[in-house]
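Working notes for the structure below.
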Amino acid sequence: MSHIKHLETAAINLLEIHEVSEPPIPIETMLRSPKDEMWKQVDINQLSGTFLSIKDQFSPRMSLTRLLVRHIVKSEWGKERKLESIFIEDEELLHAFARMLIMPASMIEKLSSGARNPMAISLKFEVPEDDARIRLSELAQSE
């Protein structure tokens, strides 16, 4: 199984565990209240302003998603799925995994063809348009 398919499967599994079926993905809740104590609870109120990117109104959510991914990778759950070794090989895959988690392929596929554009996805999933554009490109490449 390729790294991309492995990560897509891991993202789907995480969303199932956290009982998420509709966007926007509750990244903040997942960080604060991990299911089955999968990772150490994170108090997002303690994060410094320099941690969060504010280029776009939804940029902080992407920063939090990447933080969540780092917690997932270090968790027992992540270790069992050998996620850390994937990111050691290719750091950019960490960003791709964050996009997979916050914009799951299955949820994008449910959108009408007219809603599968960066602006609509940005609003529906509460992500920056640039990340939505990259995710759409990634999905097109995997077809």
- Restricting to helices (runs of 4 or more DSSP H) lying wholly in segment 63-118: which have 2 or more residues that are in contact with a Ser or Thr (Cβ under 6 Å, 6 or more places away or on another chain) and either acidic (Asp, Glu) or surrounded by 13 or more Cβ atoms within 10 Å (Cβ to Cβ) (or both)? 92-102
- Item | Given (1) touching a residue at least 40 places away in the same chain (Cβ under 8 Å); (2) more than 15 Å from Ile12 (Cβ to Cβ); (3) among the hydrophobic types (A, V, I, L, M, F, W, C), number of the condition Ala96 does not satisfy | (2)
- Evaluation of Lys40 against (1) under 12 Å from the mean Cα position of the chain (by Cα); (2) modelled with pLDDT under 95 (one fails), failing number: (1)
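Being in contact with a helix residue (DSSP H, G or I) (Cβ under 9 Å, 6 or more places away or on another chain) and among the acidic types (Asp, Glu) narrows it down to one residue among Glu84, Glu37; which is it?
One residue alone meets the criteria, Glu84.
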- Query: Which members of segment 43-70 meet the condition of being farther than 24 Å from Ala115 by Cα, polar (S, T, N, Q) and modelled with pLDDT of 80 or more?
  - Reply: Ser63
- Pair list, Cβ < 7 Å and 6+ apart or interchain, from segment 28-46 residues that are over 19 Å from Arg61 (Cα atoms) to residues that are modelled with pLDDT of 80 or more and of a type in the set (Gly, Ala, Ser): Met38/Ser75
- Does any residue of segment 76-88 turn out to be more than 21 Å from Ile12 (Cα to Cα) and at pLDDT below 95? yes
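Would you check which residues across segment 55-77 are more than 16 Å from Glu28 (Cβ to Cβ) and either free of Cβ contacts under 8 Å to residues at least 12 places away in the same chain or acidic (Asp, Glu) (or both) and list them? Show your work before the answer.
Looking only at segment 55-77, we keep the residues that are more than 16 Å from Glu28 (Cβ to Cβ), and these are 55-56, 73-77.
Selection gives Asp56, Glu76.
The values are calculated or read from the model by the stated rules, or taken from the named source; none is laboratory data. Predicted model, so just to flag it, every value in this text is computed and none were measured. With ideal geometry, Cβ positions are generated from the backbone for all residues, glycine too; neighbour counts draw on all protein chains shown.
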